[in-house]
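Colleague: The structure that follows is given in the form of structure tokens.
No value in this document is a laboratory result; all are computed from the given coordinates. Just so it is clear, the structure is predicted and the values come from calculations on it, not from any experiment.
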Amino acid sequence: MLQVPSIGKLLILALVLGGIWLFYKAKAGREQQRNSQGKGPSGGGAAKAARKTDGSSVDMVQCPACQAYIPSGTNCSCGSGRS
Ligand SMILES: [Zn+2]
């Protein structure tokens, strides 16, 4: 005859399966977090870009012609960047 498993056995089975599922889920989440912190462009890159847009710490470069400090990526007013 077919034996019906007891509620206790079913509960234990559910707890074990749930524990395994939670374990793998936490493990995958940790690995994903570690990857994004290590070399992902979303980690340090976003923070650096946000700092750059507030205007207080713009990268400055020295003009080779007049030695004036100008924001990088822009042409100096002395005309050295033009060709
Ligand atoms: Zn210049």
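Colleague: Taking 0.36 nm per residue of separation and subtracting the Cα-Cα distance, what length does fully extending residue 14 through residue 27 add?
Modeller: 2.7 nm
Colleague: How long are the three semi-axes of the equivalent ellipsoid of region 1-40, in whole Å, if each is the root of 5 times an eigenvalue of the C-alpha gyration tensor, listed from largest down?
Modeller: For region 1-40, the semi-axes come out at 38, 7, 4 Å.
Colleague: Here is a follow-up. Could you list which residues have their amide H under 5 Å from that of residue 61, counting only those 5 or more apart in sequence or on another chain, with H placed in the peptide plane?
Modeller: Amide H neighbours of residue 61, under 5 Å, 5+ apart: 70, 72.
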